[in-house]
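Undergrad: Below is one structure. I have some questions about it.
The values are calculated or read from the model by the stated rules, or taken from the named source; none is laboratory data. Note that the structure is a prediction, hence the values are computed from the model and not measured. SASA here: full protein model, heavy atoms, side chains in, ligands and nucleic acids out. Shrake-Rupley method; radii C 1.70, N 1.55, O 1.52, S 1.80 Å.
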Amino acid sequence: MTAGGRWYDFSEERRFTSGGLFSNLDDQTATTSSDGFTPRVLVSYEVNDHLTLNAQASQGFRLGGVNDPLNLPLCTPSDASIFGGFQSYQDETSWNYEAGVKVTRPRATFNAGIYYNDIQDLQVTLDAGSCSSRISFNVPHAHAAGLELEASWRPLDSLELSFAGSYVQSEFDSTVRAGL
C-alpha cells in the first residue's frame, strides 16, 4: 500500500496590454491563486508470481485563471453579453478511481484496467462568437469512465503478437447556458 499527496500553492500575476485597430486598448493586471492538498492511495496485491491486482484513488487539480479581455469592437451586442461574464474561471478538481489486473506468464501477458473520473469545474475552452477571442470557462460537473486492455503472446522467440485497446465514455453532467 502506498499513500501520499501533493501540496500546491500557486500564484500568478500577469499584465495584458493590447493595441491595434480592433483592440480595446487594454492595459490591465490580473491575478489568480490557489492552494491545497491532493491525496493519493494505491493498493497492490500480488496474488502469486503470475497475478497482481491493484486499485487506486487519487485527486487531481488544475489551476483556474483569468481570460484575456474580449475584443469588444468585434463583438455583436449579443456575444458581448453572453461571453463578457467569463472573465475568470475556477480551479478544476477531480477524483479518479482505478482498478486493474496484471497477468504474466512465460510467453504471454494480459493487463486490464477500469477507471472512473469525477470532475468538478471542468475547464473548457471555446471561441467567443463574433468577438475573435477564445475563453476558458467551467462546466460544474463532468465525468469520464473507461476500460483499457493489453495482451501479448510470443508463440516463437522471434514472433510476438499483441493487442491493445480502450473504451472511453465521457459526458458533461451539467450545462452552462450564459456568462456568470
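Undergrad: Not counting ligands, DNA or RNA, and with a 1.4 Å probe, what is Val41's accessible surface area in Å² rounded to the nearest 10?
TA: Estimated to the nearest 10 Å², Val41 gives 60 Å².
Undergrad: In addition: Please check: in the Gaussian network model of the chain (C-alpha springs, under 10 Å), which one of Ala142, Ala30, Ala57 has the largest mean-square fluctuation.
TA: Of Ala142, Ala30, Ala57, the most mobile in the Gaussian network model is Ala30.
Undergrad: Note the listed values [x] 45, 36, 35; [y] 69, 35, 31; [z] 46, 42, 35, then indicate which one is Cα extents along the principal axes in Å calculated from this particular structure.
TA: [y]
Undergrad: Just Leu149, Leu53, Leu159 to compare: in a GNM of the chain, with alpha carbon springs under 10 Å, which one fluctuates most?
TA: Leu159
Undergrad: Using a 1.4 angstrom probe, figure out how much accessible area the chain has per residue, in square angstrom, rounded to the nearest whole.
TA: Details: 11600 Å² over 180 residues.
Each residue of the chain exposes 64 Å² on average to a 1.4 Å probe.
Undergrad: Okay, next question. Which order do you get for Ser133, Ser33 if you rank them by accessible area with a 1.4 Å probe, largest at the top? The partial results should precede the final answer.
TA: On the way: Ser133 15, Ser33 80 Å².
Reading off the accessible areas and sorting them downward yields Ser33, Ser133.
Undergrad: Roughly to the nearest percent, how much of the accessible area of the chain is carbon and sulfur, given a 1.4 Å probe?
TA: Carbon with sulfur: 54 percent of the solvent-accessible area.
Undergrad: Now for a separate question. How do Trp95, Trp7, Trp153 stack up against each other in accessible area, from largest to smallest, with a 1.4 angstrom probe?
TA: Values: Trp95 90, Trp7 160, Trp153 135 Å².
Descending accessible area places them as Trp7, Trp153, Trp95.
Undergrad: So for Cys131, Cys75, what's the accessible-area order with a 1.4 Å probe, most first? Intermediate values should be presented prior to the final figure.
TA: Details: Cys131 0, Cys75 20 Å².
Result of the area sort, largest leading: Cys75, Cys131.
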